[in-house]
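Values in this text are rule-based calculations from the coordinates and carry no lab data. From a predicted model like this one, the values you see are computed outputs, not experimental measurements. Here the Cβ is made from the backbone with ideal geometry for all residues, glycine too, and neighbour counts use every protein chain on show.
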Amino acid sequence: MDSWPRYGGLLLSPPETGAAAERVATSTATENSAVPTAERNGAATLSFQATQCAICGPGIPAKELYPANFGVDDITPARFSARRLPDRVHYRMVRCSSCGLVRSDPVLDEATLAHLYAESTFDYEAETANLKATYGRYLAKLRAFSNHQDSLLEIGCGDGFFLEQALAQGYSTVRGVEPSEAAIRDASPVVRDQIVCDVMRPGLFADGEFDAVCLFQVFDHVPHPEAVLAACRAALRPGGLILCLNHNVESVSSHIMKERSPIIDIEHTYLYSPATMRRIFEAGGFRVLKQGHVSNTYSVGYVTHLVPMPARLKGMALGSLSRSRLGRLTVPVPLGNLFLIASRT
Ligand SMILES: [Zn+2]
């Protein structure tokens, strides 16, 4: 297992599971079923693991929302890169019959997923000024709940653009966790040494080290959100604040577009509504202080990225926008994101 997984066009599973390969598209795995694998050229395989509700735990029935629609060739680091073009490739999606939490099931095994994120790239520099403005607005809200805001940790910080924003807002200590080495290489020297190349896990930071922990468009990507919350909670001082911003599976656009919604995507292991966000944070030892809908600041070019249209047409539209001032014009767009601010109990 030590040399596995690797990526070079092929992902190889250990031989013992490869022998029992099964097409993933027909998989109906549940918590207790055998781990399905997808065959590629009769030899190389991908392995998948069943998931369980991150709020209710194992053994709770779930209803299928959408069957999986990807092939083995779709699994590349590019698909797991930050803010790539959404392309409607997704796992089988289910909804917990007890609490309503939406999740992918089964998903790529954790080692493969970690590897894909480590190899992923950070290619949204053009949008970082707008993201700084959007995320900065939400960071500023924390001071309403605690005026002792000095140290901050961001999970999945990319090239650290938000850490620079936190410094500008007066935080004296900023740290980041980011699995992509390429993203960290792109970081400004001001914050680069403050970024740990890893995924958030227990023991990465001292207990109670931070006044604030932030997650932007990360919480719906992690395979075990309850474990990430526990690690974040440990890193926070008692009364410390957590700020989380991610997609809302019950947004208007999500209801209208259903399976065509850009959030129904293979990058997302879980998708939250305001109700399931509140529940998972309360279950994780947090007191929810504020929740709401997010209006992001985006360029017209980026919004065009998200609109469903044929690839050729989209390529032409993006090409002409990138050459025009219109493409750089920014607009506030309620794209179906939600935010939550909670304190460590
Ligand atoms: Zn549940």
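With the simple spin-label model, which puts each label point 7 Å out from Cα in the Cβ direction, the Ala168 to Val190 separation comes to 0.8 nm. I need the Debye-formula profile for the stretch 138-181: one equal scatterer per C-alpha, no solvent, reported as log10 I(q)/I(0) at q = 0.25 1/Å, two decimals. Computed log10 I(q)/I(0) values: -0.88.
Using every alpha carbon pair in the stretch 125-344, what percent of pairs falls into each 10 Å bin from 0 up to the bin containing the largest distance? The calculated distribution, bin by bin, is 8, 32, 38, 18, 5, 0.
Computed over the alpha carbons of the stretch 47-161, Rg followed by Dmax gives 17.9, 50 Å.
Scalar couplings 3J(HN,Hα) for the stretch 152-165, obtained by applying the Karplus form with A = 6.51, B = -1.76, C = 1.60 to θ = phi - 60°, are 9, 10, 10, 8, x, 8, x, 8, x, 4, 6, 4, 5, 4 Hz; x denotes Gly and Pro. Seen through its C-alpha gyration tensor, with square-root eigenvalues sorted a ≥ b ≥ c, the stretch 216-264 comes out prolate because a/c lies at 1.5 or above while a/b is bigger than b/c. Annotation: lysines with alpha-carbon distance below 24 angstrom to Lys141 (same-chain offsets under eight excluded): Lys132, Lys290. Of the residues Phe70, Phe219, the one with the fewest other Cβ atoms within 10 Å heads the list, and the complete ranking is Phe70, Phe219.
For Lys258, the lysines whose Cα falls under 25 Å of its own Cα, not counting residues fewer than eight places away in the same chain, are Lys63, Lys314.
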